[in-house]
Amino acid sequence: MSGGEGRGSTAYDERWRGHPAQGADLSVPALRSPAWLKLKPKLTLEVAATGGSAARMRWGDWGEAVMLAFRYTHPRTGAPVEIRQAVRVPRDLPFDVTREARLAVVCWGVMPSGILRHPLLAAR
């Protein structure tokens, strides 16, 4: 737009006044199409248990979690990482902590601190 008709100009404002979208909140989640869905990359990491407990604790409405200490190789840097973190475990999955046991953990990414985002113990 030229000639003083940019946003904030009187001519621009007059053109949009009374338009059906004026003042509308165009970001209403209920009106979003499936194309708006945010895709989250999931990683499957092989970890080695170094400690923790097989005692299960309630985790949300659907599952349980265990506190695990484990090490893994950071997927981007290749550096070894050792952490202690709660890991979700499906209720029907039998689980016991064995030192140096190889486990598969699915997560939605790795935080800069090395903590996994939403880790879930995968069945092998």
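Read-outs throughout are calculated quantities, based only on the coordinates presented, and are distinct from any laboratory measurement. Worth saying up front: this structure is predicted, and the values here are computed from it rather than measured. Don't worry about glycine lacking a Cβ; one is built from the backbone with ideal geometry, like all the others, and counts go over all protein chains shown.
Peptides 43-49, 59-65, 74-80 ranked from most to least packed give 43-49, 59-65, 74-80, packing being the mean of other C-beta atoms within 10 angstrom over each peptide's residues. Near the amide H of GLY109, within less than 5 Å, lie the amide hydrogens of LEU43, ARG117, all on another chain or at least 5 residues away, with H placed in the peptide plane.
Here the translational diffusion coefficient of the stretch 43-122 follows from Stokes-Einstein with Rh set to the Kirkwood radius across Cα pairs; for 25 °C and 0.890 mPa s it amounts to 195 µm²/s. For ALA86, the residues 5 or more places off, or on other chains, whose built amide H falls under 5 Å of its own are LEU68.
3J(HN,Hα) couplings calculated from phi for the stretch 73-86 with the Karplus curve 6.51 cos²θ - 1.76 cosθ + 1.60 (θ = phi - 60°) are, in sequence order, 9, 4, x, 8, 8, x, 7, x, 10, 10, 9, 10, 7, 6 Hz; Gly and Pro show x. A simple rule links phi to the HN-Hα coupling: the Karplus curve 6.51 cos²θ - 1.76 cosθ + 1.60 with θ = phi - 60°, which for the stretch 90-107 gives x, 4, 8, 9, x, 8, 9, 7, 10, 4, 6, 5, 8, 10, 9, 10, 9, 9 Hz, with x for Gly and Pro.
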